[in-house]
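Visitor: Below you will find the structure I want to go over with you.
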Amino acid sequence: MYIRKLSLLNFKNIAQADLELAPGINCFTGRNGAGKTNVIDAVWYLAMCKSSLAMTDGQSVRHGEEFFLLNGEYLSDGGRHETVTCSFKRNGGKTLKRNGKEYERLSEHIGAVPTVIVSPADIFLVSDAADERRKWLNSFISQNDREYLNALIRYNHALAERNRLLKQLRSAAQGDLLEVFDMQLEAHGRVIHAKRAETIEKLGPIVARHYRAISGDREKVELSYRSELNGATFGEVLAAARDRDIANQFTTSGVHRDDMVMRIGGYPLKKYGSQGQQKSFLIALKLAQHAIIAEETGERPILLLDDLFDKLDASRLEALITLVGDGSFGQTVISDCNHTRLTSILDNCGARYTLFTVEEGEITEERREA
């Protein structure tokens, strides 16, 4: 799938823009703060109903205005035309329409326009706690798996109720009341664990392959799934933790404690990976996500590469551009503050691309190749 036309009105620092994007590589260059990332965020908004950044809808409205409007015209890999419109009014809230029909629930749109983003913010997947990696994994799987999404919603509800009950208990003798929630956690947790294990097993070899391509086969990386359920049933895990849960007044074991483990050369990526290695790993992870979504849906996601080129050396940059420029990844949207560097790498790789420059929210097309 690719976005053919993108229109923005009062979105962040962009007053108005109507862009025609190519099905291959599209590049946006300009100084920091010019609005490059805002274009990429607009594409993400139309796919996920929210910003890719830590911003509210209201913060995405241009200063001095009362609303923003985004519109995208798409063509699927199967030749299907789609139109998605997202609007937000400060006093009226957010609406999302697909082919002119408004969604009752925004969550119904997730997965309709498959999109994968790689941005500087992704470093939290390496540097932050396990809950950030779980959030990413949950979002990834939920886009194309309603069973997983439903299990996750119900698990989190049962977990909240169990934790509320634990705050009221004073001894293990009162623990029988927990059994109803234990049964719910076990039923939904089994689904979550199985789906996560399957997904990470698929991701692992693809991440390793893409990392080898980006790094020039200089390091070996691994991705694995850490879960208490890998070696025991959920019922056994909950039973073993019962006294501890009552003492701590919250649920100390379960799939809400799982982690996605990243290693380089057999060692933790967080501790032993350089900034370039960490960023290369994250790119490989997102490219693997792209591959799995394409395989499962039959639609190649739009690939968004936002401000990636810091902390990557020239050889890794060229390897990445060569990888995404061969046509197999479909549409790619790239932003970079260094116009000369980006175009030089693209030209050296022989990649065809459309080039836009961004200056104070004004977007100009400079170059288009057939």
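Visitor: Taking every pair of distinct Cα atoms and averaging 1/r, then inverting, what Kirkwood hydrodynamic radius in Å comes out for segment 120-298? Please list the in-between numbers first.
Guide: Details: mean 1/r = 0.0568 Å⁻¹.
Computed over segment 120-298, the radius equals 17.6 Å.
Visitor: Moving to a separate point now. So what is the relative contact order for the chain, in percent, with contacts set as C-alpha pairs under 8 Å and at least six apart?
Guide: Working: 675 pairs, mean separation 93.5, N = 370.
It comes to 25 percent, rounded to a whole number.
Visitor: Considering the dipole of the chain built from charges on the beta carbon (Lys and Arg +1, Asp and Glu -1) around the Cα centre, which of 78, 129, 312 is farthest to its positive end?
Guide: Going by the Cα projections, it comes out as 129.
Visitor: I need the peptides 117-128, 96-107 ranked by packing, meaning the mean over residues of other C-beta atoms within 10 angstrom, with the highest value on top.
Guide: Final packing ranking: 117-128, 96-107.
Visitor: Another one. Packing-wise, with mean Cβ within 10 Å as the measure, how do 6-13, 82-89, 329-336 rank, highest first? Before the final figure, lay out the partial values.
Guide: On the way: 6-13: 20.9, 82-89: 18.6, 329-336: 23.5.
The most tightly packed comes first, giving 329-336, 6-13, 82-89.
Visitor: Over 28 Å between Cα atoms: which of 202/279; 94/195; 195/220; 50/279; 101/202; 12/97 fall into that group?
Guide: Beyond 28 Å: 94/195; 101/202.
Visitor: Further question: Sort 81, 188 by Cβ crowding within 10 Å, fewest neighbours at the top.
Guide: Numbers: 81 10, 188 23.
Result, fewest neighbours first: 81, 188.
Visitor: Let me ask you something else. Using only Cα atoms, find the angle between the long axis of helix 339-348 and the longest principal axis of the chain, and express it within 0 to 90 degrees, rounded to the nearest 10.
Guide: Once rounded, the angle reads 90 degrees.
Computed from the coordinates by the stated procedures, all read-outs in this text should not be read as laboratory data. Just so it is clear, the model here is predicted, and its values are computed rather than measured. Glycine gets a Cβ as well: all are built from the backbone with ideal geometry, and neighbour counts include every protein chain shown.
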